[in-house]
1. Using Cα pairs under 8 angstrom and six or more residues apart, how large is the relative contact order of the range 214-358, in percent?
2. With axes computed from alpha carbons, what is the tilt in degrees of helix 79-97 against the longest principal axis of the chain, rounded to the nearest 10 within 0 to 90?
3. Mind checking Rg over Rh on the range 8-161, alpha carbons, Kirkwood formula for Rh?
4. Just check the range 214-358 against the gyration tensor rule for me: Cα atoms, a ≥ b ≥ c as the square roots of the eigenvalues, rounded for a/c under 1.5, and otherwise prolate or oblate depending on whether a/b exceeds b/c.
5. As a quick test, which of the pairs LYS5/LYS373; LYS143/LYS373; LYS131/LYS373; LYS5/LYS131; LYS2/LYS131; LYS3/LYS373 have an alpha carbon distance above 22 angstrom in this structure?
6. For the range 227-299, rounded, prolate or oblate, judged on the Cα gyration tensor with a ≥ b ≥ c (square roots of eigenvalues), a/c < 1.5 rounded, else prolate if a/b > b/c?
7. Under the rule that an exposed site lies in a DSSP loop and has at most 11 other Cβ atoms within 10 Å, name the longest stretch of the chain with no trypsin sites (Lys or Arg not before Pro) of that kind, not counting the sites themselves.
8. If I take every Cα pair under 8 Å that is 6 or more residues apart in the chain, average their sequence separation and divide by the length, what percent do I get for the relative contact order?
Amino acid sequence: MKKQKLLFYCQHILGIGHLIRSMEIVRGLLADFEICFVNGGRVVEDFPIPAEVQVVNLPAIATDTEFQALRAIDPDQDLEAVFVTRTSMLLDLVDRFQPDLLVIELFPFGRRRFSTELIPCIEKVKASGAKVVCSLRDIVVTKQDQARHEAKICRLMNQYFDLLLIHGDPSFQPLELSFSRVRDLQCPVAYTGYVVQETAVGGETPLVDPDRPLILTSVGGGRFGHELLFSVVEAAHYLAHLPHQMLVFTGPFCPPEVFAELEASAAQRPNVLLQRYTPNLLAYMHQADLSISMAGYNTTMNVLTSGVRAMVLPFTGNDDQEQTLRAKRLEELGIVRVIRPDDLRPEQLAQGVMTCLQQGPGGRSFDFGGVEKTAGYLRDLAYESVGTPVA
């Protein structure tokens, strides 16, 4: 049977978590679909993409440093002009690729400022008879006017979407905890389980001394979390008596001036190795005795699947509660230790590290079948043997 064509749209504006999760899903779809992947955010150097996937990089858009307004990555380009260009590119791509399925990550539960390009694209796809699917993480951002926010989501979902896939485990974090109107959605709704990395994605081998404990620090894309990075590097002074190695990843988007300052501090700490980015964070997680990180979806999945001890600092910029909700729930289950503002004092953080290293890793079984189950639902939808997904 000829493969159906799947167009996957992903827009990351802050970190790289949406990109990582989306690409992991795409890997699981290659056996069944011809795939074109649309990236609307900044290109990440050395980010692993399967050779079989056609990639279209739109002129990149991100948030400003206050996480309040969108901006074009190219400072010479006007945001509205960039949206016009991107919309034209998307519509031309639909004409050229002629997808049978359009999968959109997060929208309309988020990214509604991208409606100007997404709605024309969706309408063109629907007019051709193709199906439209929303790919959604387990927790969505809440708004001050939550009732109005949820009403808009319901209107867009019911008007345009054929399926909602929630990449989570309802026994741990049902969508209703951050979106109350799940039952008002008229399309089928399915929980897929969590999307996790199954194996290393490149040839990189962690340079780890097995005779010394490894403390791993990461902050995702690196546009935020700098206070955690500086605290960890300074805390290394108070851990000098501990025979360990501390590996710190700043993220590919860490500003050059921040990286330079961290590099100068790390140079005074023989137990600290500073690097920008690795596509194989999971491989290091499996080697680590302790992970110190933000509490984003993908890093949390790496913590859970590797079983590493973990300390997590939730991102709270722009009143975003997603990471706080996830981290608190995991702390209640004894799986992670949440880092609070007072814990960022280097001496306090060092004490927390020593406490965590003395404890056994937390354990809990979750549904990690997100990639396989997502592929199954999309196969059913695309090849018209649709069952009824269970909400």
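Computed from the coordinates by the stated procedures, all read-outs in this text should not be read as laboratory data. Predicted, not measured: the structure shown is a model, and the values here were computed from it. Glycine also receives a Cβ, built like all others from the backbone with ideal geometry; neighbour counts cover every protein chain displayed.
1. Numbers: 243 pairs, mean separation 38.0, N = 145.
The normalised contact order for the range 214-358 reaches 26 percent.
2. 60
3. On the way: Rg = 15.2 Å, Rh = 16.2 Å.
Ratio of gyration radius to Kirkwood radius for the range 8-161: 0.94.
4. Because its axes are fairly even, with a/c under 1.5, the range 214-358 counts as rounded.
5. Details: LYS5/LYS373 18 Å; LYS143/LYS373 30 Å; LYS131/LYS373 18 Å; LYS5/LYS131 11 Å; LYS2/LYS131 17 Å; LYS3/LYS373 18 Å.
Flagged as over cut-off: LYS143/LYS373.
6. Details: a/c = 1.78, a/b = 1.10, b/c = 1.62.
Taking the square roots of the gyration eigenvalues as a ≥ b ≥ c, the range 227-299 is oblate.
7. Details: sites that count: LYS2, ARG364.
It works out to 3-363.
8. Details: 716 pairs, mean separation 62.9, N = 391.
Once divided by the residue count of the chain, the mean separation gives 16 percent.
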